[in-house]
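Data block below; observations after.
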Amino acid sequence: MIVVLRLGHRPTRDQRVTTHVALTARALGADEVWVSTPDPDLEKTIQSVVGRFGGKFKIKTGVDWRKAIKAWEGQVVHLTMYGESLSKALPTIKTKRLMIVVGAEKVPREVYDLADRNISVGNQPHSEVAALAIFLDRRGGGKKLEKGQKGRLVIVPNPRGKTVIDRSKEKTRRSPKQG
């Protein structure tokens, strides 16, 4: 069980980035994303993706992050620029129950203290989406993106266009060749 906890989501400012956090979490093997701020539109967007592309991924918004971290039965990893090196820390994370914390705005100091591990994907300013993607991809051995979710829509690799199979219509839609 892997849960990504998104802190500090501001719906008017962070909508797109938080959506990308959730999509990245889903695509790279997380089971759920929890967002500290209530956002029914975000929930609908992610549920729509899961409905079309498959999987059992869940989203919850309006989560009290302090209670969630304190109640978590497993390891809590906070991704930050200021933590221990990812390459050194990752081999030591053996638990299957993992909460990965990513921030939006400035992360409260308390998060650093509540987390079991503060792990740095890099020590330069970077995106929380990139940090999450790198962490999950390395943890999954680079294989998660190759696994399909067996959804209604399936994207077929195509070097010159888009091929999407809609299983509900049992029909393949192809875009024109892209030059």
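Those residues that are more than 21 Å from Lys60 (Cβ to Cβ) and either modelled with pLDDT of 90 or more or within 17 Å of the chain's Cα centre (by Cα) (or both), I need them from the range 111-126; list them, please.
First pass over the range 111-126, keeping only residues more than 21 Å from Lys60 (Cβ to Cβ): 112-113, 116-126.
Tyr112, Asp113, Asp116, Arg117, Asn118, Ile119, Ser120, Val121, His126 - these are the residues of the range 111-126 that are more than 21 Å from Lys60 (Cβ to Cβ) and either modelled with pLDDT of 90 or more or within 17 Å of the chain's Cα centre (by Cα) (or both).
Six or more apart or on different chains, Cβ under 6 Å: which pairs go from a residue in the range 5-21 that's closer than 22 Å to Arg66 by Cα to one that's modelled with pLDDT under 75? Could you list them?
These pairs meet every condition: Thr18/His9.
From (1) in contact (Cβ under 8 Å) with a residue 40 or more places away in the chain; (2) more than 23 Å from Asp64 (Cα to Cα); (3) surrounded by 14 or more Cβ atoms within 10 Å (Cβ to Cβ), pick out the condition that doesn't hold for Asn123.
(3)
Hand me the list of helices (runs of 4 or more DSSP H) wholly inside the range 8-104 holding 1 or more residues that are under 15 Å from the mean Cα position of the chain (by Cα).
Answer list for the range 8-104: 11-27, 40-53.
With Ile100, Ile134 as the choices, which residue is in the same structural domain as Trp34 (by TED's automatic domain parsing), free of Cβ contacts under 8 Å to residues at least 60 places away in the same chain and under 17 Å from Ile2 (Cβ atoms)?
Ile134
Being out of contact with any helix residue (DSSP H, G or I) (no Cβ under 8 Å at 6 or more places or on another chain) and either modelled with pLDDT of 80 or more or not in a loop (DSSP other than H, G, I, E, B) (or both): is that true of Arg173 here?
Yes; evaluated as a whole, the condition is true for this residue.
What number of residues in the range 65-78 are crowded, with 18+ Cβ neighbours inside 10 Å and on the phi > 0 side of the Ramachandran plot?
Matching residues across the range 65-78 total 0.
Taking Asn118 as meeting all but one of (1) in a loop (DSSP other than H, G, I, E, B); (2) touching a Gly at 6+ places or on another chain (Cβ under 6 Å); (3) not aliphatic (A, V, I, L, M), write down the number of the exception.
Just one mismatch for Asn118, condition (1).
From the list Val129, Val107, pick out the single residue that is of a type in the set (A, V, I, L, M, F, W, C), at pLDDT below 90, outside any strand (DSSP E or B) and in the same structural domain as Asp64 (by TED's automatic domain parsing).
Val107
Conditions tested, residue by residue: (1) among the hydrophobic types (A, V, I, L, M, F, W, C); (2) surrounded by 14 or more Cβ atoms within 10 Å (Cβ to Cβ).
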position	(1), (2)
Arg16	no, no
Thr19	no, yes
Thr24	no, yes
Leu42	yes, yes
Gly55	no, yes
Lys58	no, yes
Val63	yes, yes
Thr80	no, yes
Lys88	no, no
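The values are calculated or read from the model by the stated rules, or taken from the named source; none is laboratory data. Everything numeric in this text was worked out from a predicted model, so none of it was measured. Neighbour counts are summed over all protein chains in view; Cβ atoms, including those assigned to glycine, are modelled from backbone coordinates with ideal geometry.
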